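Trainee: Input: one structure, supplied below.
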Amino acid sequence: MERISLACEKISLISPGELDTSLDFSSKLNPFKTKDQELLLQGLERSGILSPILSIKKTGNPNPLVIDGFKRIKWALSSKIDTVCVITLPQMEEEELVVFLTTKYAPTLDTCVVRALFLYFLVEKSFKHKTIVEKVMPILGLEPHKGLLERYLKIAGLPHKLLLFCHEKDFSLKRCINLSYKPRRLLETIIGLNGIISLSASLLQELCDNIHDILRRDDMDVEAFFELKQVRDILGMEKDPSTKTRLLRRFVWQMRYPVLSSVHAQIEEIEKRHFSNMPFCIKWDRSLENRKITITGSVSSPNELDSLIDALSDKGTKEGINKMLARF
C-alpha cells in the first residue's frame with residue numbers, strides 16, 4: 001500500500017453523497033447486541049469523536065469509501081453534528097481491503113450467527129469467494145474450505161427472528177446447519193411461538209426435528225399441522241407457557257411415535273394403579289430401548305426405612321414391575 005497521508009479533511013454529513021458508507025456492516029449487527037456496542041456508545045457520549053473516520057479512494061467512485069467509523073458517523077448524525085474529520089487512504093486491493101474489514105470486525109463476531117452474517121455481507125459486496133475462503137475464514141478461526149463457506153451462507157438465510165434467537169442462545173455451527181435444512185415456513189412458525197410457549201434452545205431443535213418428520217411421513221404441509229384441532233386447542237388455551245409447552249411436546253411426541261406413545265400410556269396406567277401411594281418413585285427409559293426399571297426412594301428415619309423395605313417387598317410391587325417390564 002502507498003504511504004499514508006495523515007491529513008484530515010472536514011466532510012459534511014448533511015450534503016448527500018459526501019461519504020460512501022456501503023461497507024457498513026455494523027448496522028446489521030445492531031439487533032444482535034454484540035459486546036462492543038454499549039461500550040462504544042458510552043465512550044462517544046462521554047468524550048465525543050476522538051478518532052477520525054477512515055476512508056479509501058475507489059476507482060469510479062468520486063466519494064470517499066468509508067472503511068472505519070460507521071458508528072461514529074451515526075452517533076454524529078444523531079447528535080446533530082454537521083461535519084466529521086476524515087482521513088482518506090490510497091486505494092486498496094481487494095485482498096487488502098477484505099483483511100482490513102475482517103480484522104476490524106473479528107472481535108465482535110463471537111457467535112456462529114454473526115460470523116455467518118458477516119460472510120454473507122462480504123459476498124453481497126461482491127468480494128470473490130476465493131478471497132473470502134483464503135483470507136477471511138482463517139482470521140475468523142474457520143477452516144478455509146468452500147463447502148464450509150456455503151454452509152455459513154445458508155445459515156445467514158435463516159429467518160431474522162430465528163437468527164436473533166440462535167445468536168442469543170449461542171447455537172453451535174452444527175445446530176445452525178441442522179436448522180438451515182428445515183422448511184422455512186416451519187422455522188418461522190415455531191420461532192413465532194416464542195412467548196406463547198417456553199421456547200428453549202433444545203425445545204426449538206426438538207420441535208423442528210419431530211414436526212418435520214411428521215410432515216414428511218404424512219405428506220402434510222406446515223399450515224395443516226398447526227391447524228390440527230389438538231394443536232390449536234393447546235396453543236389457544238388460557239394456561240401459562242410452561243403448561244402449553246408440556247402439552248405441545250407430548251402431542252408432537254405421540255404423533256411422531258404412536259406405537260411408543262401407546263406403550264408409554266400402558267406403562268403409566270400400571271404405574272398409577274400399583275405405585276401411586278408407594279414411598280418410592282418409578283422411572284424407565286422413555287425410548288424403551290433398555291428393559292430396566294429404576295426405583296428411587298428417600299428416608300429420614302429408621303421407621304421410614306422399614307416402610308420402604310416393606311413396600312419394595314410387597315407382592316403388589318413385584319406384580320406391577322413384572323407388568324411394566326412385559327411392555328418393553
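Trainee: Calculate how steeply helix 302-313 sits against the longest principal axis of the alpha-carbon atoms of the chain, using the helix alpha-carbon long axis, and give the answer as 0 to 90 degrees to the nearest 10.
Mentor: That helix lies at roughly 80 degrees to the long axis.
Trainee: Oh, and also: If one takes the longest principal axis of the Cα atoms in the chain, at what angle in degrees, from 0 to 90 and to the nearest 10, does the Cα axis of helix 241-256 lie?
Mentor: On a 0 to 90 degree scale, this one is about 70.
Trainee: Next up: Between Asp218, Asp110, Asp20, which gets the highest mean-square fluctuation from a Gaussian network model of the chain, Cα cutoff 10 Å?
Mentor: Fluctuation is largest for Asp218.
Trainee: Over all distinct Cα pairs, what is the inverse of the mean 1/r for segment 182-256, reported as the Kirkwood hydrodynamic radius in Å? Provide the component values of the computation, followed by the final result.
Mentor: Details: mean 1/r = 0.0812 Å⁻¹.
In segment 182-256 this quantity evaluates to 12.3 Å.
Trainee: Further, regarding this structure: Explain nothing, just the number: dipole magnitude of the chain about its Cα centre with +1 on each Lys and Arg Cβ and -1 on each Asp and Glu Cβ, in debye rounded to the nearest 20.
Mentor: Details: 48 positive and 43 negative charges, 70 e Å.
Its charge dipole is roughly 340 debye.
Trainee: Here's something else I'd like to know. Give me Thr294, Thr83, Thr88 sorted ascending by neighbouring Cβ count inside 10 Å, so fewest comes first.
Mentor: If I rank by nearby Cβ atoms, fewest first, I get Thr294, Thr83, Thr88.
Trainee: Taking springs between alpha-carbon atoms closer than 10 angstrom, which of Ser26, Ser301, Ser180 fluctuates most in the Gaussian network model of the chain?
Mentor: Greatest mean-square fluctuation among the candidates belongs to Ser301.
Trainee: Under the rule of -39500 (n - 2.57) per DSSP H run of 4 or more residues, summed and divided by the residues of the chain, what mean residue ellipticity at 222 nm is obtained, to the nearest 500 deg cm²/dmol? Each step should come with its number before you reach the end.
Mentor: On the way: 16 runs with 173 residues, N = 328.
Helix-only estimate at 222 nm: -16000 deg cm²/dmol.
Trainee: Turning to a different aspect of this structure: May I ask you to derive the FRET efficiency for Ser300 and Glu9 from their Cβ-Cβ distance with R0 = 56 Å, giving the value to the nearest 0.05?
Mentor: E(calc), rounded to 0.05, equals 0.10.
Trainee: Which of the cysteines in the chain are isolated, no other cysteine C-beta under 4.7 Å?
Mentor: Those would be Cys112, Cys166, Cys176, Cys208, Cys281, since no other cysteine Cβ in the chain comes under 4.7 Å of theirs.
Trainee: While we're on this one: Across the Cα atoms of segment 107-217, what radius of gyration and what greatest pairwise Cα-Cα distance (Dmax) are found, in Å?
Mentor: Rg then Dmax for segment 107-217, in Å: 14.9, 44.
Trainee: Mind checking the log10 I(q)/I(0) for the chain at q = 0.14, 0.16 Å⁻¹? Debye, one equal scatterer per Cα, no solvent, two decimals.
Mentor: -1.13, -1.29
Trainee: Pick from Lys28, Lys292, Lys146 the residue whose mean-square fluctuation is largest in a GNM of the chain, springs joining Cα atoms under 10 Å.
Mentor: Comparing Lys28, Lys292, Lys146 in a Gaussian network model of the chain, the most mobile one is Lys292.
Where a number appears in this text, it was derived from the coordinates with a stated rule and is not lab data. No experiment lies behind these values; they were computed from the predicted model shown. Cβ sites come from the backbone with ideal geometry, for glycine too, and all protein chains shown count toward neighbours.
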